[in-house]
Structure formats: C-alpha cells, structure tokens
1. State which residue is surrounded by the fewest Cβ atoms within 10 Å (Cβ to Cβ) when the search covers only the range 96-115 and only residues that are hydroxyl-bearing (Ser, Thr, Tyr) and without any contact (Cβ under 8 Å) to a residue 60 or more places away in the chain.
2. Take the residues of the range 34-52 that are part of a strand (DSSP E or B) and within 14 Å of residue 81 (Cα to Cα): which is nearest to the chain's Cα centre (by Cα)?
3. Applying the selection to the range 274-322, what residues are polar (S, T, N, Q) and either assigned to a helix (DSSP H, G or I) or within 24 Å of residue 151 (Cα to Cα) (or both)?
4. Can you name the residue in the range 49-78 that is aliphatic (A, V, I, L, M) and crowded, with 21+ Cβ neighbours inside 10 Å and, of all such residues, is nearest to residue 25 (Cα to Cα)?
5. Across the range 14-33, which residue is surrounded by the fewest Cβ atoms within 10 Å (Cβ to Cβ) among those that are touching an Asp or Glu at 6+ places or on another chain (Cβ under 7 Å) and assigned to a loop (DSSP other than H, G, I, E, B)?
6. Taking the options 272, 278, name whichever one is aromatic (Phe, Trp, Tyr), at pLDDT 95 or above and surrounded by 19 or more Cβ atoms within 10 Å (Cβ to Cβ).
Amino acid sequence: MKMMTNNTLTSVTGIRVGQVTDTIGATGCTVILCPPNTVGSVDVRGGAPGTRETDLLQPHNHVEEVTAVVLSGGSAFGLATADGVMRWHDERQIGYKSGTGLIVPIVSGAILFDLLVGEKGVRPTADMGYQACENATAEPVEQGSVGAGTGARIGAMLGNERACKGGIGSAVIELDNGLVIAALMAVNAVGDVIDEQGNILAGLRTESGDGFVGMLNAMTSMMNESQMNERENTVIGIVATNAKLSKAHTHKVAQMSHDGIARAVNPAHTMFDGDTMFAVATGEIPASPTLVGAYAAEVVSQAIRNGVRQATSLGGVRAIND
C-alpha cells in the first residue's frame, strides 16, 4: 500500500466534495460530485432510513450512472438539499442523458437525525445543497463537526449531556497498482463507536462523565425499546473507488462496506438507525469487486473513527477530547 498525501475521499480522481455548515442550527449537508459515467449503487440496512433515489441504484434497475450523492442532517427535512443539487446540475446540463436526449441529474441521498441539537426549527434547505455544489473541491475533505456531521451525536439515548459528538470522517487506501478505495462517513450512531483495539471510543457516558456505560448494557437494562429516549440516529456514508466495476459489482461493494460499520459501531443497523452506504466507481482500473469490497470495509471503519476523533463540541454535546 502507498502513503497518501490526501487521506480523504477526494483522493479518488474526479471526485469532488462540498459542504455547508450551520453552527447555529447545528446542521448541514455534504455533497459528493462524481465525474461523468461514474457507476453507482447503494445498500440500506438501518431500520429507520431516510433516502432519495436509492431504488434506481439497485443493480436490477436501468440507469447505471450517478451524478451526485448528498448526505444531510435535518432528518426527512434534509432531503430538500437534493433539490438544490439537482438545480445546480440542471443549470450546467450535467447528468444522465435520457433516450429522448434530455439531461436528468441522478442525485441520490440519505439523511441523519440531528433535530435535537442547535436552534430549533433550523433545517438544511435546497439552497444549502446548491451552495455545497458551489463549494465542491478536490482538496482534502474537512472532517469533524461540519457538513452533514455538524449536529451528529453518538450514544444519545439519555440526552445531549450524556452523548458524545460525532461528525464527518474520511479515510483512504491506495494499492501498489494505483487502485484507490476511499470512504466518507457521517457518524451519528445509536451504538458505541469502537476503536482499533475493541475499546469504546465514543458512546453513552456514565453519570460522572468519566467513562462509558456501554450501549448493550444500557439497552439490556431497559429491555423494552419503548423505554429508550432520544434514539433517532444513523450512520450514512459513501465508498468511492477508481476501479472499473459493473453496477452489480458496485452494489456488492456497498454491501461489503457495511462490515466496516459493524466493526466500528456496536450495535449497528438497529431499528433506530438509518444506516445507508453508497458506492461509486469511476472506472479507471480493472479490479476484483471482492478485493475492493474488503478494503471498503477497512476504510469505512477508519473513517467512522476519524469522524469521532476530529469532532468538536457543539450544541451542548461534548467531543471525546473535551
């Protein structure tokens, strides 16, 4: 494996990322712009997803390419950001060329729940999505409490005071043949985030605030899901690679990338999460989907941990270093 100077999603040639952050509302969005002819797919495993244009990306459906992917805060309200992304691409006539010759941007997206952080009633808008496109760059992606991760929390079952701050994280691996696999994650998990040694990195804090309860312990003590408060969460993200893959193989990569969530979050894919993973392939280097998927899980788990480590305290939710 090679050492990278850009250790984020934009290390994949042609991928650009733009973010908009509202620290007052503690919300925002992150937009991933794809180069022409990028193949895309998605795999949804959380029990409470909020998504847009995910059915189209299933391997058995017609359109193979994806124009952009939007990750947003704001719960279902945040899906409005995609309208701005559509408008930005429509103005530039970028997107899928239909059989009648019309250009239709293929903009997929997913949201996370951050409505209990920041000023009430402030939500991501279409204008935010448009501005995120304007902000898009191939420079290293800013990580932490920005974009879709602005209001992200981890282990918020007992409120903001006992939760840890989540955020945007990214990671990349480049193999010796030039194959690049990268991930960008918005970390807002119900479960604990687990470090490389298997210890809790972030989660539900003890009453004293000097340790962690362990989310499985907390869930076991309550037993009944109706007793669990403030449980709306999710982990959403994207894997990008310069591999040349079919839509079906890109879907397999999206599936395998969820293993990275399960390695870094415990428990993952709960009824209160909307865990959704997109995968995009720009088509430069022939590669095994199994190899790409295996490394996708690795970069997803590292990106999740990076999002926690780079997060800063906001809206009454403390970061792990505060």
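1. Here the answer is 100.
2. Among them, the one singled out is 51.
3. Residues satisfying the conditions are 276, 290, 301, 302, 306, 310, 312, 313, 321.
4. 71
5. 24
6. From the options 272, 278, the qualifying one is 278.
The values are calculated or read from the model by the stated rules, or taken from the named source; none is laboratory data. As the structure is a prediction and not an experimental result, all values here were calculated from the model. Note: ideal-geometry Cβ built from the backbone for every residue, glycine included; neighbour counts use all protein chains shown.
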